[in-house]
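In what follows, a single structure is set out as structure tokens and then discussed.
Every read-out reported here was derived from the displayed coordinates using simple, explicitly stated rules and does not represent laboratory data. Quick caveat, the model's predicted, so the values are computed rather than measured. Using ideal geometry, Cβ is built from the backbone for each residue, glycine included, and neighbour counts are taken over all protein chains shown.
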Amino acid sequence: MSLILKRLSGYAPHAASLVYGLVVAFVMVVTPESAAAQDLKVQDIRIGVHAGSTRFVVELNDSVEPRIFGLPDPFRVVIDLPEVDFDLPEERIGDGAGLISKLRYGLFRPGTSRFVLDLASPAKVTKQFILKPDGGKPWRLVLDIAPTTRADFIASMRPSAADTPKPVLAVPIPTTPRQNARPVVVVDAGHGGVDPGAIGVSGVYEKKIALDYAREVVRLLKASGKYEVVMTRNRDIFLPLRERVRISRAAGADLFLSMHANTHPKRSTRGFSVYTLSDRASDKEAAALAALENKSDVIGGVNLGNYSDDVQNILIDFAQAKTNELSVKFARDILVGQVKTSASLLTRPWRSAGFAVLKAPDVPSVLVELGYISNPREERLLVTRKHRQELSAAIVEAVDEYFKTTQSAAL
Ligand SMILES: [Zn+2]
């Protein structure tokens, strides 16, 4: 309610607007999420570098009450706002300036949008204030950041319990185990919200490609009538890795497919590839890719706290051996099927490494890298509707093949 009062104080205090304001307030109480989410806009972001400090400015169409805290290892400043529209003149995800080495923003969970400022070294917020509209400038949230020690960062920027509430699940999970007549396929669009994933040569975000392909695969799976299909996310929202695994297990998944796009320092590198879980990486590049994909929670500004081991420690136990065999079978079904006619394949297109998102012990899981968005030609190809439809159809054909052969083997 304090937010509503603060927002109303921004309007001219004559009777008509007051009445209008009360009506708005009433509507907001009835439907708090949808009404609040549509109003607030971030209109621009600026970073100013000064001697000894860096100023971070967010321009908004209204006042906000931010929640600001720091997370160590790596050092990050996290700024949470109510859900906003990022209505910027241009995308600003990527390079920072001054003490901010990188900047990201996006939806963190329903009702909360987040900025994550990566710091090159420990730094703390020395000043934070809101400026009212003035001289043609809109509302501004201003943060000054100055260098400090690690100990002081941890002491002064520590998140309170309220700063790191449990993530809200994007997909409701049934409390009783499901009895599924049809195989359950969980399709996971990688990254999302405050975690853009890789950024392509022309600025395309991996999170968008992942979601577009996931939606197409889901559409085709549903149209076949053969499967129960669950998406881990169906909007541009952040989802912690272990939530993806949890959604998969809670849905009683028979197969989990995580969709991504890759980058490589060498622009000429291109091709589709499939990854399965292994505690020993098949090669250095697969290990590096897994390390990068596993950083999603750090990138999203999640306080890893007591579950960092859970995310980082990928050991395959006995129970996973059978699951892993099936994951490898699905990877093979993908690569020997139609995919190779609709896409070029990476050299050695099946690889394995310790991907946190693949570690449900009882769900056969693979991660596909649809192609390289660091390759200009492949990036252009990946965003075309034709390629999306063909490649998704080829993947769905591999799902059919997988269930046809595993089910007949089980009889
Ligand atoms: Zn990815």
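Order 122-128, 256-262, 244-250 from most to least packed using the mean count of other Cβ atoms within 10 Å. Could you put the intermediate results ahead of the total?
Values: 122-128: 17.3, 256-262: 26.6, 244-250: 22.0.
Highest mean packing first, the order is 256-262, 244-250, 122-128.
Provide Thr149, Thr54 in ascending order of the number of other Cβ atoms located within 10 Å of each residue's Cβ, fewest first.
Details: Thr149 11, Thr54 21.
By the 10 Å Cβ count, ascending: Thr149, Thr54.
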Taking Rh as the Kirkwood radius, which is the inverse of the mean 1/r over Cα pairs, what is the Rg/Rh value for region 40-157? 0.95
Label Leu345 and Ala155 with points 7 Å out from Cα along Cα→Cβ: what is the distance between them in nm? 5.9
Scalar couplings 3J(HN,Hα) for region 346-354 by Karplus 6.51 cos²θ - 1.76 cosθ + 1.60 (θ = phi - 60°), nearest whole Hz, x for Gly and Pro, are 5, 4, 6, x, 9, 9, 9, 5, x
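Excluding Asp152 itself, what net charge comes from residues whose Cβ is under 11 Å from its Cβ, given Lys and Arg +1 and Asp and Glu -1? Mind showing how you got there, number by number?
Working: positive: Lys124, Arg150, Arg158; negative: none.
Combined, the nearby Lys, Arg, Asp and Glu give +3.
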Please name whichever of Gly135, Ala151, Phe75 sits farthest to the positive end of the charge dipole of region 40-157, dipole taken about the Cα centre and charges placed at Cβ: Lys and Arg +1, Asp and Glu -1. Ala151
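Relative to the present Cα-Cα distance, how much length would full extension add between Lys102 and Glu325 at 0.36 nm per residue of separation? Let's see the in-between values first.
Numbers: separation 223, 0.36 × 223 = 80.28 nm, distance 3.96 nm.
The Lys102-Glu325 span can extend by a further 76.3 nm.
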Table column - 3J(HN,Hα) (Hz), region 123-136, Karplus curve with 6.51, -1.76, 1.60, x for Gly and Pro: 8, 10, 7, 8, 9, 8, 7, 10, 9, 6, x, 6, x, x
Between Lys226 and Asp362, Cβ-based FRET efficiency (R0 25 Å, step 0.05) works out to 0.70
Enumerate the amide H contacts of Val184 below 5 Å, restricted to partners 5 or more residues apart or on another chain; note that Pro and chain-start residues carry no placed amide H. Glu228, Asp254, Leu255
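What FRET efficiency do you get for Lys386 and Asp73 if R0 is 51 Å and r is their Cβ-Cβ distance, rounded to the nearest 0.05? Intermediate values should be presented prior to the final figure.
Numbers: r = 44 Å, r/R0 = 0.86.
Calculated value: 0.70.
Just to verify a number: FRET efficiency for Glu90 and Ala146, C-beta to C-beta distance, R0 = 25 Å, to 0.05?
0.35
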Nearby aspartates and glutamates by direct alpha-carbon distance to Lys124 (threshold 20 angstrom, same-chain neighbours under 8 apart not counted): Glu65, Asp73, Asp80, Asp95, Asp144, Asp152, Asp163
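What does the charge count near Val339 come to, summing +1 for each Lys or Arg and -1 for each Asp or Glu among other residues with Cβ under 10 Å from its Cβ?
Details: positive: Lys340; negative: Asp333, Glu390, Glu397.
Charge balance near Val339 sits at -2.
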How would Ser63, Ser365, Ser268 line up from fewest to most surrounding beta-carbon atoms within 10 angstrom? Ser268, Ser63, Ser365
Added length on full extension, which subtracts the Cα-Cα distance from 0.36 nm per residue, Asp400 to Lys127: 92.5 nm
